Each structure stands twice: as structure tokens, then as C-alpha cells.
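Here the structure comes first, spelled out in C-alpha cells, and everything after it is commentary.
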Amino acid sequence: YREPTIEIHQPVTLVGDNGATLDGEEQREILIINADSVSLSGFVFQNTGTSQATDRAAVRVVEASACTIQHNRFINTLFGIYLQHAHDCRIADNDLTGRAGSQTVTGNGIHLWSSRDVLIERNAIHGHRDAIYFEFVRNSIVRNNLGDNSHRYGLHFMFYDSFRYENNTFRSHESGV
């Protein structure tokens, strides 16, 4: 599906049929969640394109709670999953592959900014600037994730509090954790 950016403004569960593909055509963000209690699974998100002006994401959650993003694939995305002022969300069992090239043309696989109470588990994150990035995040759990071949860090955290990191594997990154 090649559609303009999709915005969700009410609670809903979306399940992709046989890996339904949402394609940003190298021009735009793909899906923005602006509602509580949204569940998203079974989709392929691809081709957000790069932008020097915006943190273009395949899936962006803004000022929402109780979201679930699981069992999706992200291919050739600037930012894969981006939570901004979100809380009580779960990101699980996703496979994320960044854009080819240097850290200037790719963003982070899973990016949280000013969020709290997030569970991130069993995701595989390949070839992003940072596999997992936190800024102003608190009270969250990161467990059983695999991050590899990032251009900077496997795990990058700034201004965070009350975290648990368990059984994660980060390998072949330019700078480690």
C-alpha cells in the first residue's frame, strides 16, 4: 500500500493480513499513532526515505499510552519505531533493518524520547545509527533484544532513570553501548 501518512486518532487493533506492506516510497513517515490503546501487528513497513529536517519514522507514537507494536518488519527505514511522550507501551518481536549507508542517512531502530513505563523485548535491530536509543526516559525494561551492525551504539541512553536491562545481545557496533 502506497498511501499518504496514516494517522490513528482512536483506539483500534490493526492486524496485517499475510504481511501487508505499507510503503513510504522514500518520501514520508508511514504511520502516526495519536490515540491510547492502539495495537499494531503483522505489517511490513518500508522505505521512509531519509530527511535532514525531520526524524522520519515508519511508526511514530505521540502522546499516547497503552500501545502495542509487535510482530512487524521494518525495512529500509530512517527511524523504525519512535515513541514521543508515550507511556505504558510494549514493543516486542519486531525485526528492524535500517537504511544502507553511513550514520548520516539512517536513524535509530527503536527511539524513545520523553517516555516512561515501556517494555522492549525480543526485537532484532540491524544496521541503524543506534539500535535502541533513549532520551529522558524512565521506568522501562529492555530484555532479550538483539542489536547488530549499528553505525554508533547498540544501546544509547541519555537522561534516563529506573531501567532494567536483561539478556540483550549487542554486537558489531561502531561504539558498543
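The values are calculated or read from the model by the stated rules, or taken from the named source; none is laboratory data. Quick caveat, the model's predicted, so the values are computed rather than measured. Note: ideal-geometry Cβ built from the backbone for every residue, glycine included; neighbour counts use all protein chains shown. Ligands, DNA and RNA are excluded from the accessible area calculation, which covers all protein heavy atoms including side chains. Shrake-Rupley method; radii C 1.70, N 1.55, O 1.52, S 1.80 Å.
Between Val59, Val105, Val137, Val118, which is under 26 Å from Glu26 (Cβ atoms) and either open to solvent by less than 40 Å² (accessible area, probe 1.4 Å) or touching an Asp or Glu at 6+ places or on another chain (Cβ under 7 Å) (or both)? Before you say what the answer is, go through the steps one by one.
Numbers: Val105 fails: either open to solvent by less than 40 Å² (accessible area, probe 1.4 Å) or touching an Asp or Glu at 6+ places or on another chain (Cβ under 7 Å) (or both); Val137 fails: under 26 Å from Glu26 (Cβ atoms); Val118 fails: under 26 Å from Glu26 (Cβ atoms).
From the options Val59, Val105, Val137, Val118, the qualifying one is Val59.
Of all residues in the stretch 142-165, those that are farther than 22 Å from Ala100 by Cα and modelled with pLDDT under 95 total 9.
Checking each residue of the stretch 52-64 against the condition of being at positive phi and in contact with a strand residue (DSSP E or B) (Cβ under 6 Å, 6 or more places away or on another chain) gives no match.
Considering the stretch 9-50, and only residues there that are among the hydroxyl-bearing types (Ser, Thr, Tyr) and open to solvent by 40 Å² or more (accessible area, probe 1.4 Å), the residue that is modelled with the lowest pLDDT turns out to be Thr50. Collect the residues in the stretch 88-133 that are over 16 Å from Tyr160 (Cβ atoms), polar (S, T, N, Q) and at pLDDT 95 or above, keeping them in residue-number order. The answer is Asn94, Thr97, Asn123. Taking the stretch 140-177 as the range and being among the aliphatic types (A, V, I, L, M) and open to solvent by less than 50 Å² (accessible area, probe 1.4 Å) as the test, the residues that pass are Ile141, Val142, Leu146, Leu155.
Based on this model, can you work out whether Arg122 counts as touching a strand residue (DSSP E or B) at 6+ places or on another chain (Cβ under 7 Å), on the phi > 0 side of the Ramachandran plot and charged (D, E, K, R)? Show your work before the answer.
Values: touching a strand residue (DSSP E or B) at 6+ places or on another chain (Cβ under 7 Å): yes; on the phi > 0 side of the Ramachandran plot: yes; charged (D, E, K, R): yes.
Yes: the conditions hold for Arg122.
Of the candidates Asp130, Asp161, the single residue that is within 26 Å of Thr50 (Cβ to Cβ) and of a type outside the set (Ser, Thr, Tyr) is Asp130.
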